[in-house]
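Q: Encoded as structure tokens, here's the structure I'll be asking about.
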Amino acid sequence: MILIVAGVSGSGKTTVGSMLAGRLGWRFADADTFHPAANIAKMRAGVPLTDEDRWPWLRAIGAWMDQRIAAGESAVVTCSALRRAYRDALLDGRPRAQLVFLAVDREVVAHRLAARHGHFFPAQLLDSQFAALEPIGPGERAVSIVPADDPSQTVADIIAVFRLGAGGDHEAEA
């Protein structure tokens with residue numbers, strides 16, 4: 001199984017995703033590492049990414065997922081996956097992939113981004129994330145959850161929702 005942990009910047013994707021992968025003994029990848037240098041420079045300068053900027057990044061994440069699937073590995077990868085088209089691109093043709101969207105309140109995210117230092121994504125881009133956001137809709141192979149205050153509880157909630165166990169056996173309740 002490949003589990004995509006999605007959400008706006010500052011939603012806790014990296015924290016939750018890395019904890020989840022560690023708890024399950026799965027490989028972990030942070031979507032930020034798939035961005036080309038031009039995307040990072042653009043965001044660092046406070047310029048929102050466009051669809052044109054995002055498609056090569058999404059294809060790189062998809063290629064990484066395909067490598068894990070071909071190797072028979074379970075893994076966790078993070079990705080904002082703000083629009084349904086992005087989620088569809090990551091999930092379509094990959095029946096072993098599932099997505100959990102961390103639905104965090106805008107005010108919580110604003111507070112987190114204001115306190116975050118050393119990351120290329122500035123708090124001033126938060127509005128662009130919520131402007132691009134399309135909530136999880138009917139028919140999507142995705143589950144939306146509101147994260148707990150404690151990331152370890154959020155990890156436990158994801159494990160319960162997807163019925164994740166040793167060896168990657170699962171059955172989603174989506």
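Q: Hey, any hits in segment 39-56 for a residue that's among the β-branched types (Val, Ile, Thr) and part of a strand (DSSP E or B)? Working first, answer last.
A: Of all residues in segment 39-56, those among the β-branched types (Val, Ile, Thr) come to 40, 47, 50.
Restricting the remaining residues to those that are part of a strand (DSSP E or B) gives none.
No, the conditions are met nowhere in segment 39-56.
Q: Which residue, of Ala166, Ala115, is at pLDDT below 95, surrounded by fewer than 16 Cβ atoms within 10 Å (Cβ to Cβ) and over 24 Å from Asn39 (Cα atoms)? Outline the logic, then answer.
A: Details: Ala115 fails: over 24 Å from Asn39 (Cα atoms).
One residue alone meets the criteria, Ala166.
Q: Just name the residue that is farthest from Gly12 (Cα to Cα) out of those in segment 47-59 that are charged (D, E, K, R) and open to solvent by 20 Å² or more (accessible area, probe 1.4 Å).
A: That would be Glu52.
Q: In segment 139-163, what count of residues is obtained for those that are assigned to a loop (DSSP other than H, G, I, E, B) and touching a helix residue (DSSP H, G or I) at 6+ places or on another chain (Cβ under 6 Å)?
A: Qualifying residue count, segment 139-163: 3.
Q: Show the residue pairs meeting these rules: Cβ distance below 9 Å; 6+ apart or different chains; first residue within segment 127-152 and in contact (Cβ under 8 Å) with a residue 40 or more places away in the chain and within 20 Å of Arg94 (Cβ to Cβ); second residue of a type in the set (S, T, N, Q) and open to solvent by less than 60 Å² (accessible area, probe 1.4 Å).
A: Pairs that qualify, where the first residue is in contact (Cβ under 8 Å) with a residue 40 or more places away in the chain and within 20 Å of Arg94 (Cβ to Cβ) and the partner is of a type in the set (S, T, N, Q) and open to solvent by less than 60 Å² (accessible area, probe 1.4 Å), are Arg141/Gln98; Ala142/Gln98; Val143/Gln98.
Q: Just to be sure I understand the filter: pairs with C-beta atoms under 8 Å, separated by 6 or more residues or on different chains, first member in segment 61-76 and more than 23 Å from Met19 (Cβ to Cβ), second member outside any strand (DSSP E or B). Which pairs pass?
A: Cβ pairs passing all conditions: Gly62/Ala89; Gly62/Leu90; Gly62/Arg94; Asp66/Arg94.
Q: Being surrounded by fewer than 19 Cβ atoms within 10 Å (Cβ to Cβ) and part of a strand (DSSP E or B) is the filter here; which residues of segment 16-34 pass it?
A: Across segment 16-34, the qualifying residues are Arg27, Phe28.
Q: Does Gly62 fit the bill of being in a helix (DSSP H, G or I), more than 16 Å from Leu133 (Cβ to Cβ) and open to solvent by 20 Å² or more (accessible area, probe 1.4 Å)?
A: So Gly62 fails the test.
Q: Further question: Which of the residues that make up segment 23-50 are in contact (Cβ under 8 Å) with a residue 24 or more places away in the chain, of a type outside the set (A, V, I, L, M) and more than 25 Å from Pro151 (Cα to Cα)?
A: Arg44, Gly46, Pro48
Q: Determine which member of the set Arg83, Arg68, Arg44 is open to solvent by 20 Å² or more (accessible area, probe 1.4 Å) and touching a strand residue (DSSP E or B) at 6+ places or on another chain (Cβ under 8 Å). If you could, list the steps in order and put the result at the bottom.
A: On the way: Arg83 fails: touching a strand residue (DSSP E or B) at 6+ places or on another chain (Cβ under 8 Å); Arg44 fails: touching a strand residue (DSSP E or B) at 6+ places or on another chain (Cβ under 8 Å).
Criteria check complete, one pass: Arg68.
The values are calculated or read from the model by the stated rules, or taken from the named source; none is laboratory data. This is a predicted model, so every value here is computed, not measured. Virtual Cβ from ideal backbone geometry, glycine too; neighbours counted across all protein chains shown. Calculation scope for accessible area: heavy atoms of the full protein, side chains included, ligands and nucleic acids excluded. Shrake-Rupley method; radii C 1.70, N 1.55, O 1.52, S 1.80 Å.
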